[in-house]
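The values are calculated or read from the model by the stated rules, or taken from the named source; none is laboratory data. Computed from a predicted structure; not experimentally measured. Positions of Cβ are generated from backbone atoms using ideal geometry, with glycine treated the same way; all protein chains shown enter the neighbour counts. Remember, those area values only see protein heavy atoms, side chains included, never the ligands or the DNA or RNA. Shrake-Rupley method; radii C 1.70, N 1.55, O 1.52, S 1.80 Å.
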Amino acid sequence: MSIEIDGKKIDRRGALECMVWAGAGVLWTLDGGVPTSKLLPVGGAAQAAEKAQKGFSFLQISDSHIGFNKPANPNPLGTLQEAIDKVNSLPEKPAFMIHTGDITHLSKPEQFDDAEKAIGEAKLDVHYVPGEHDVIDEQNGQAYLERFGKGAKGAGWRSFDAGGAHFIGLVNVVNLKSGGLGFLGDEQLAWLADDLKGKSASTPIIVFAHIPLWAVYPEWGWGTDDSAKALALLKRFGSVTVLNGHIHQLMQKVEGNVAFHTAMSTAFPQPAPGTAPSPGPMLVAADKLRSVLGVTRVEYWPGKAALAITDSSLASS
Amino acid sequence: MQKLNPARRARGWRESGVALLSAACLATLSASPLAAAEAEVNIDNFAFAPAELTVKVGATVTFRNRDDIPHSVVSSNQSFHSSALDTDETFSFAFEKPGTYEYFCGLHPKMTGKIIVAP
């Protein structure tokens with residue numbers, strides 16, 4: 001491989017040295033979710049540095065529950081469309097979107113169809129992981145895998161690289177054990193260990209999964225039985241961000257190098273831990289509903305360990 | 001099966017609304033002779049109620065989801081397995097062998113219950 005800079009041809013080794021030396025002179029751009037790097041002309045280093053520091057952003061949406069029709073929100077497709085409108089009105093187009101599960105309410109084909117159509121209006125690549133509501137078809141998750149499982153392993157776990165960061169989508173909603181919480185399982189954990197092998201400790205890691213990977217409130221099943229095993233594998237990394245859904249409310253925690261964050265639903269809110277007899281849908285006044293639904297925008301700035309996470313409700317302008 | 005007192009029945013039509021009512025109740029009961037062999041478990045607020053239920057062998061247990069969220073009923077030893085039950089949907093299973101059947105919700109496995117089938 002060789003690259004031409006200012007009319008001078010340099011080989012791969014030279015290019016890498018140059019990248020190391022120039023640092024911020026490498027501009028990462030994302031094209032359809034696939035990152036490509038470009039070496040910028042040396043003369044424009046200052047401008048390049050400014051551009052490169054802009055980083056990139058992606059969107060998280062969660063718990064759209066298409067097919068739900070109870071009083072807590074009789075029209076979740078409408079609020080999903082509002083969320084997508086919000087994504088489309090962002091001044092800066094996000095690189096891609098992740099969906100942290102419970103796309104549908106009952107895993108029915110027409111529910112998947114409606115969700116895909118509405119989400120497709122964002123015209124972004126979407127990386128999905130399933131929620132427990134997406135794997136209750138008669139074939140235990142086949143309907144989900146047929147749609148979103150391309151390139152995924154097992155029940156739908158996957159990883160990809162974007163903008164210099166490594167993204168890992170985990171599945172903790174299948175083969176659940178009696179009395180237990182979310183569950184990753186040994187097969188997935190072995191895959192994760194292998195996936196992380198050889199990755200530099202300075203690679204920013206972004207993990208996304210439906211059920212929180214920390215014990216938010218085990219009494220309501222809000223946690224993952226074997227998440228400690230996954231977190232142990234991530235321990236050596238300097239920057240780990242864990243994005244979850246499932247609990248339909250914002251919650252965050254920082255533990256060492258790991259920042260945990262849960263997103264709002266686009267369908268209906270759920271009560272704060274322990275404040276209701278059960279975690280079922282929470283009924284709020286119709287004019288308050290949009291203030292408890294929303295989307296999450298995550299910004300990654302090269303060289304900064306912590307990612308900037310901004311949640312905005314459907315009620316905010 | 002309890003029988004109506006013939007003397008009371010004779011008086012019934014004319015003077016006793018109560019007798020009429022009990023006759024109607026008995027008629028309902030006799031129309032479903034398996035009443036004692038049927039039982040129901042409700043799902044409310046992410047819990048099975050009663051969480052532990054004893055029935056006679058051959059009894060049919062119907063699980064009814066009364067939550068706004070789907071649940072399922074999955075036997076821990078794989079002897080039965082419902083599909084996801086949406087609000088007000090039911091799943092019935094006839095317990096033909098004595099024993100203890102532990103089960104949980106496949107979506108929310110914190111929810112557990114037990115059916116004891118007596119010989």
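Remarks
- All of A:L170, A:L181, A:L176 fail the test of being of a type outside the set (D, E, K, R), within 27 Å of B:F80 (Cα to Cα), at pLDDT 95 or above and out of contact with any Ser or Thr (no Cβ under 8 Å at 6 or more places or on another chain), apart from A:L176.
- Residues of segment B:57-71 that turn out to be open to solvent by less than 40 Å² (accessible area, probe 1.4 Å), farther than 19 Å from B:K114 by Cα and either out of contact with any Asp or Glu (no Cβ under 8 Å at 6 or more places or on another chain) or modelled with pLDDT under 95 (or both), as a count: 1
- Tabulated pairs, segment B:43-72, first more than 14 Å from chain A (Cβ to nearest Cβ) and farther than 14 Å from A:S278 by Cβ, second open to solvent by 10 Å² or more (accessible area, probe 1.4 Å) and part of a loop (DSSP other than H, G, I, E, B), C-beta under 6 angstrom, 6+ apart or interchain: B:V57/B:P98; B:V57/B:P119
- Hey, B:F80 modelled with pLDDT of 95 or more, out of contact with any Pro (no Cβ under 8 Å at 6 or more places or on another chain) and facing chain A (nearest Cβ under 8 Å) or not: no
- Here A:E138 meets the list (1) in a loop (DSSP other than H, G, I, E, B); (2) away from chain B (no Cβ under 14 Å) almost entirely, failing just condition (2).
- Every residue from segment A:264-283 that is more than 12 Å from every other protein chain (Cβ to nearest Cβ) and either free of Cβ contacts under 8 Å to residues at least 12 places away in the same chain or outside any loop (DSSP other than H, G, I, E, B) (or both): A:T275
- Breaking point among (1) open to solvent by less than 10 Å² (accessible area, probe 1.4 Å); (2) at pLDDT below 95; (3) of a type outside the set (D, E, K, R), for A:G164: (1)
- Of all the residues in segment A:129-168, those that are among the hydrophobic types (A, V, I, L, M, F, W, C) and more than 21 Å from A:D186 (Cβ to Cβ) number 7.
- First in segment A:220-232 and over 12 Å from B:P109 (Cα atoms) and of a type in the set (G, A, S), second anywhere and at pLDDT 95 or above and part of a helix (DSSP H, G or I), Cβ under 9 Å, 6 or more apart: A:A230/A:Q188; A:A230/A:L189; A:A230/A:L192
- Residue in segment A:92-99 that is in the same structural domain as A:D161 (by TED's automatic domain parsing), over 17 Å from the mean Cα position of the chain (by Cα) and over 14 Å from A:I66 (Cα atoms) present: yes
- Taking segment A:247-258 as the range and being closer than 23 Å to A:V292 by Cα, part of a loop (DSSP other than H, G, I, E, B) and in contact (Cβ under 8 Å) with a residue 40 or more places away in the chain as the test, the residues that pass are A:H248, A:Q249, A:L250.
- Test: residue in segment A:216-235 that is closer than 22 Å to A:E299 by Cβ and open to solvent by 40 Å² or more (accessible area, probe 1.4 Å): no
- In segment A:284-302, of all residues being of a type in the set (A, V, I, L, M) and part of a loop (DSSP other than H, G, I, E, B), the one that is surrounded by the most Cβ atoms within 10 Å (Cβ to Cβ) corresponds to A:L293.
- The residue of segment A:68-94 that is farthest from A:F268 (Cα to Cα), among those that are open to solvent by 20 Å² or more (accessible area, probe 1.4 Å) and of a type in the set (A, V, I, L, M, F, W, C), is A:L90.
- Within segment B:47-83, being in contact with a strand residue (DSSP E or B) (Cβ under 8 Å, 6 or more places away or on another chain) and of a type in the set (A, V, I, L, M, F, W, C) holds for B:F48, B:A49, B:A51, B:L53, B:V55, B:V57, B:A59, B:V61, B:F63, B:V73, B:V74, B:F80.
- Residue in segment A:126-133 that is more than 14 Å from chain B (Cβ to nearest Cβ) and assigned to a loop (DSSP other than H, G, I, E, B) present: yes
- Top-ranked residue in segment B:86-108 [being within 10 Å of another protein chain (Cβ to nearest Cβ) and either in a strand (DSSP E or B) or aromatic (F, W, Y) (or both); ranked as most open to solvent (accessible area, probe 1.4 Å)]: B:E102
- Any hit, segment A:200-211, residues being touching a residue at least 40 places away in the same chain (Cβ under 8 Å), of a type in the set (A, V, I, L, M, F, W, C) and open to solvent by 20 Å² or more (accessible area, probe 1.4 Å): no
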